[in-house]
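Peer 1: Below is a structure I'd like to ask you about.
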Amino acid sequence: MEKLKHRLFTIIFLCTTIFFFANGQDVKALSCAEKGSLQEELDGYTGAIYGEIKKIKVDLKQEGITGTKEKVRYILMEVERSWKTEVDSQVIVATDYTWGFNFKEGSKYFIFISEMDGELSSSPCSTTIEMNNFNQATEEFGEGFEPKQQVNLEHKMRFMLEQDIDLYIVLAIILVVSSVFILRARIKRKRG
C-alpha cells in the first residue's frame with residue numbers, strides 16, 4: 001500500500017510539473033503602418049460601424065490544452081449605422097486585449113471592422129473615435145446603412161470566461177484517478 005501511495009504521488013507531481021512548465025509565454029510587439037485619410041482607411045477594412053457599447057467581456061482563448069493562451073476583449077455594440085457593409089442591430093466585435101482601444105460601456109464609438117472566419121474584429125491599429133452622435137461620421141462617409149434586422153446577442157456573451165479552467169480540469173481528473181486507485185487498493189486489502 002505504501003508503494004502505491006508513493007507511485008501515485010510521483011505521478012501526480014510529474015503531471016503537474018509538466019503541465020506548468022509546458023505553458024510558455026509568448027512576447028508580442030505592435031507596429032502600425034502610417035494611416036491616410038479616414039476614407040482611405042475605410043477602404044482597407046470590411047466596413048465601419050457606429051453605436052453604443054452595451055457590454056464588454058474578456059475571454060481566454062487557447063489552442064488545445066497546452067497551446068498558447070490569449071485574452072481577447074469582446075464588445076457587444078448596439079449598431080445605429082454602418083458603412084461599406086450591412087450588419088444586424090447588435091454585433092460582437094473582438095478587440096486585442098493588450099493593444100486594443102479602452103472601450104467604456106454606455107459610450108458611443110465609430111469603429112472600423114474586419115471580418116475573419118465569421119468573426120468581426122477591430123484592429124488595434126485602426127482608428128476608433130468616441131462620438132456622441134453619428135453626424136461627424138455621416139459628413140465623412142455619407143448616410144450609410146441602418147441595421148438590416150433586430151437581434152439580441154447578449155446571451156452569446158454569457159459563456160466568455162477570463163479564467164483559465166484547464167488547471168481545474170486537470171486537477172479534477174487527477175482527483176478522480178487517485179480516488180479510483182485508492183478505492184481499488186482498499187477493496188484488495190479487504191479481500192486479501
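The values are calculated or read from the model by the stated rules, or taken from the named source; none is laboratory data. Just so it is clear, the structure is predicted and the values come from calculations on it, not from any experiment. A quick note on method: Cβ atoms are made from the backbone with ideal geometry, for glycine too, and the neighbour counts reach across all protein chains shown. We work out accessible area using only protein heavy atoms, side chains counted, and drop any ligands, DNA or RNA first. Shrake-Rupley method; radii C 1.70, N 1.55, O 1.52, S 1.80 Å.
Peer 1: Give the residue that is nearest to K61 (Cα to Cα), with candidates limited to residues of segment 104-122 that are of a type in the set (S, T, N, Q) and either free of Cβ contacts under 8 Å to residues at least 60 places away in the same chain or open to solvent by 60 Å² or more (accessible area, probe 1.4 Å) (or both).
Peer 2: My answer is S121.
Peer 1: Here's a follow-up. Take segment 77-97 and flag every residue that is touching a Leu at 6+ places or on another chain (Cβ under 8 Å), in a loop (DSSP other than H, G, I, E, B) and within 18 Å of C32 (Cβ to Cβ).
Peer 2: None - no residue of segment 77-97 is touching a Leu at 6+ places or on another chain (Cβ under 8 Å), in a loop (DSSP other than H, G, I, E, B) and within 18 Å of C32 (Cβ to Cβ), so the list stays empty.
Peer 1: Conditions: (1) surrounded by 11 or more Cβ atoms within 10 Å (Cβ to Cβ); (2) touching a residue at least 60 places away in the same chain (Cβ under 8 Å); (3) out of contact with any Asp or Glu (no Cβ under 6 Å at 6 or more places or on another chain). F101 meets all but one. Number of the miss?
Peer 2: (2)
Peer 1: I've got another one for you. Show the residue pairs that are 6+ apart or on different chains and have beta-carbon atoms under 6 Å apart, the first residue being within segment 45-73 and part of a loop (DSSP other than H, G, I, E, B), the second being open to solvent by less than 60 Å² (accessible area, probe 1.4 Å) and at pLDDT 85 or above.
Peer 2: Y45/F112; Y45/S114; T46/T85; T46/I113; T46/S114
Peer 1: Kindly indicate whether K61 is among the basic types (K, R), open to solvent by 40 Å² or more (accessible area, probe 1.4 Å) and closer than 30 Å to I169 by Cα.
Peer 2: Answer is yes for this residue.
Peer 1: Then there is this: Out of (1) within 29 Å of G142 (Cβ to Cβ); (2) touching a residue at least 24 places away in the same chain (Cβ under 8 Å); (3) open to solvent by 40 Å² or more (accessible area, probe 1.4 Å); (4) not β-branched (V, I, T), the odd one out for W83 is which?
Peer 2: (3)
Peer 1: In the list C15, C32, which residue meets the criterion of being open to solvent by 60 Å² or more (accessible area, probe 1.4 Å), closer than 16 Å to S114 by Cβ and at pLDDT below 85?
Peer 2: That would be C32, the only listed residue that is open to solvent by 60 Å² or more (accessible area, probe 1.4 Å), closer than 16 Å to S114 by Cβ and at pLDDT below 85.
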